[in-house]
1. May I ask you to derive the FRET efficiency for D108 and L263 from their Cβ-Cβ distance with R0 = 30 Å, giving the value to the nearest 0.05?
2. In nm, to one decimal, how far is the S22 label point from the V138 one, both placed 7 Å along Cα→Cβ?
3. The range 102-241: D in µm²/s via Stokes-Einstein (Kirkwood Rh, Cα pairs, 20 °C, 1.002 mPa s)?
4. Taking other Cβ within 10 Å of each residue's Cβ, how do V127, V61 sort, fewest first?
5. Taking GluC sites (Glu not before Pro) as exposed when DSSP calls them loop (any state but H, G, I, E, B) and at most 16 other Cβ atoms lie within 10 Å, what is the longest stretch of the chain free of them, the sites themselves excluded?
6. If you take every DSSP beta bridge fully contained in the chain, what fraction is antiparallel? Give it as a percent rounded to 5.
7. Among residues other than T20 whose Cβ falls under 13 Å from its Cβ, what is the net charge (Lys/Arg +1, Asp/Glu -1)?
8. Could you compute Rg(Cα) / (2.2 N^0.38 Å) for the chain, with N its residue count?
Amino acid sequence: MAKVNVLSLNPARVNCGIVTGSERSLIIDSGPGPNTARLLAHRAAALSEAANGRPNPIDVVTTHDHWDHCFGNSALAAEGAGTFFASRSFAVDQEASSWIALDALRSDPETHEFARKLPADPADLLVEVTPIESGHSVLDLGDCRVEFHVLGGHSTADVVVRLPDLGVVFTGDLVEEGDPPQAGADAALGDWVRSLETVLSFSEASVFVPGHGVVVDRDFVARQCADIDGYRTMSADAEVALPARAMPGEHDRTFPRECELRLD
Ligand SMILES: [Zn+2]
């Protein structure tokens, strides 16, 4: 059976995924920069060596165009990753959004030091993207089907990664655990609620990997959907302070960390 690993990495405490199939591997989000990307490439190769006796070819999917999820893309390309899937909106906007995000990271005292590790020229962060067509598209990892669904709400286009054979969904930042879901100027709460309703309609799904925080269950996603729906009727459509929710129980919250999902 395919294996699913979640790496929680700094800066930004972002979750990145590695799905190791019998023929191919998929990295879900390249993380905030070259260092996280190289770690992901190294771990993806080691995991497929252990499972299949050889390193798998690696494809990459980007959930959305926020820097903490995609600034490792060009480093992953340099490490030999093949196809970079993303929404059409990401493909069109990545040049402009990289310029804006890099500028913001450099001028923020909290991220200024980290920004020095990024390329000086934002053009060096870009990769050639294969746009996911509207609706959803499918990738075959050998013994594991993957569906990419282009939704929205947290950003202008959020890609959700569904593994229907395993009951797992990577939600990007449509779900965040521990800290409040970030609703910036590019958020649209009505779309966000509809997207979470779509995620909840995946009847086989029982394990949801948020963009940040520990892995959550179906009840958590339903509660966060209700939270956002409540704010939608009370507030303007974007830049609101949404409430944080924590997954009940004991969880490893150290950074960095890697966990393999138990799928039975
Ligand atoms: Zn994020």
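1. That gives a FRET efficiency of 0.20.
2. 1.7
3. Using the Kirkwood radius from Cα pairs, D works out to 129 µm²/s.
4. Placing the least packed residue first, the sequence is V127, V61.
5. 24-109
6. Taking every DSSP beta bridge with both residues in the chain, the antiparallel ones total about 70 percent.
7. -2
8. In units of the globular-protein estimate, the chain measures up at 0.94.
Throughout, read-outs are computed from the coordinates displayed, never taken from laboratory work. This structure is a prediction, so every number in the text was calculated from the model and none was measured. Virtual Cβ from ideal backbone geometry, glycine too; neighbours counted across all protein chains shown.
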